[in-house]
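Report on one structure; see the data block that follows.
The values are calculated or read from the model by the stated rules, or taken from the named source; none is laboratory data. Quantities reported herein were computed from a predicted structural model and do not represent experimental measurements. Cβ placement follows ideal geometry from the backbone for every residue including glycine, while neighbour counts extend to all protein chains displayed.
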Amino acid sequence: MDVRLLGSGGWVPSDRRETASVYLREGANALVLDAGTGFRRLLTDPDLLEGVERVSVVLSHFHLDHTAGLVCAHALAGVPVREVWAPGRLIAGSTADDLVHRLLGPPFLAADRDDVLREILTGIHELEGDVTIGPFTIETRVQPRHAGPTVALKVNGELAYCTDTAYDEENAVFVRGARVLLHEAFHASDETDDPIHSAAGEAARIAAAAEVERLVLVHVHPLLADDDDLLGFAAKRFPASEVGRDGPLLGSTVFDRAAR
Ligand SMILES: [Zn+2]
């Protein structure tokens, strides 16, 4: 499984980071966790879609730094299956179909509401719990500690993604068994009293409690001047920490089962 951070930042893009989006590839299947501004890399780096027959976007929630990139979903038109899986009923009190149509329909993007499923996407699916999408099995956990709930995701039991949550020790239970944890670290500190976001030290506590092999800090604050400021607080509690950067593959050997 190839993994690439399309956007390692949170809230708004910066010169160094697009906002939340993670790309995973298995053969002709691309799975994208969140569609923040980093999602535009599917347009600007065409290699990402080379040979792809199905793009499945799974949303952790609906905030714009996780969904605004869908503005370029038109660019996926050459991919036969283009779908969004969204936790509408699970966390947002409405259906995925309604919410995605609101996001991509008039007057925000498409000229006609029917164009959303005629020209932009081929499917909108309700993410209501664990689900299998092609070669990817997705486990879900509702995270209650954000401005409205969000969903933590675990893919193929190997990669866990916990973002837009304050420190939540229940996540360690959910993450356990995964090899790599992508956890938000919005604050360069050991702890924070922010009720909706985590500090680097808190992400590291989840990684240590879950006994993962590797922690990658994501949803980084756009005004973070030096990645080492963030890394220091995480590495103190969990040495195998790194600060996520847009673009490069996340050491594919970590996911290379054949090499294990
Ligand atoms: Zn966010």
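Odds and ends about this structure:
- Filter result for Gly177 (free of Cβ contacts under 8 Å to residues at least 40 places away in the same chain, part of a loop (DSSP other than H, G, I, E, B) and surrounded by fewer than 24 Cβ atoms within 10 Å (Cβ to Cβ)): yes
- Scanning segment 91-98 for residues that are under 20 Å from Arg141 (Cα atoms), crowded, with 24+ Cβ neighbours inside 10 Å and in contact with a strand residue (DSSP E or B) (Cβ under 7 Å, 6 or more places away or on another chain) turns up nothing.
- Residue check for Leu6: of a type in the set (A, V, I, L, M), within 16 Å of the ligand (Cβ to nearest atom) and touching a Lys or Arg at 6+ places or on another chain (Cβ under 7 Å): yes
- Leading residue by the ranking (nearest to the ligand (Cβ to nearest atom)) among those in segment 55-69 that are farther than 17 Å from Leu127 by Cα and surrounded by fewer than 24 Cβ atoms within 10 Å (Cβ to Cβ): Leu64
- Matching residues, segment 28-49, being modelled with pLDDT of 95 or more and out of contact with any helix residue (DSSP H, G or I) (no Cβ under 8 Å at 6 or more places or on another chain): Ala28, Asn29, Leu31, Leu33
- Boolean, Leu31 is touching a Pro at 6+ places or on another chain (Cβ under 8 Å) and either of a type in the set (Phe, Trp, Tyr) or buried (at least 23 other Cβ atoms within 10 Å of the Cβ) (or both): no
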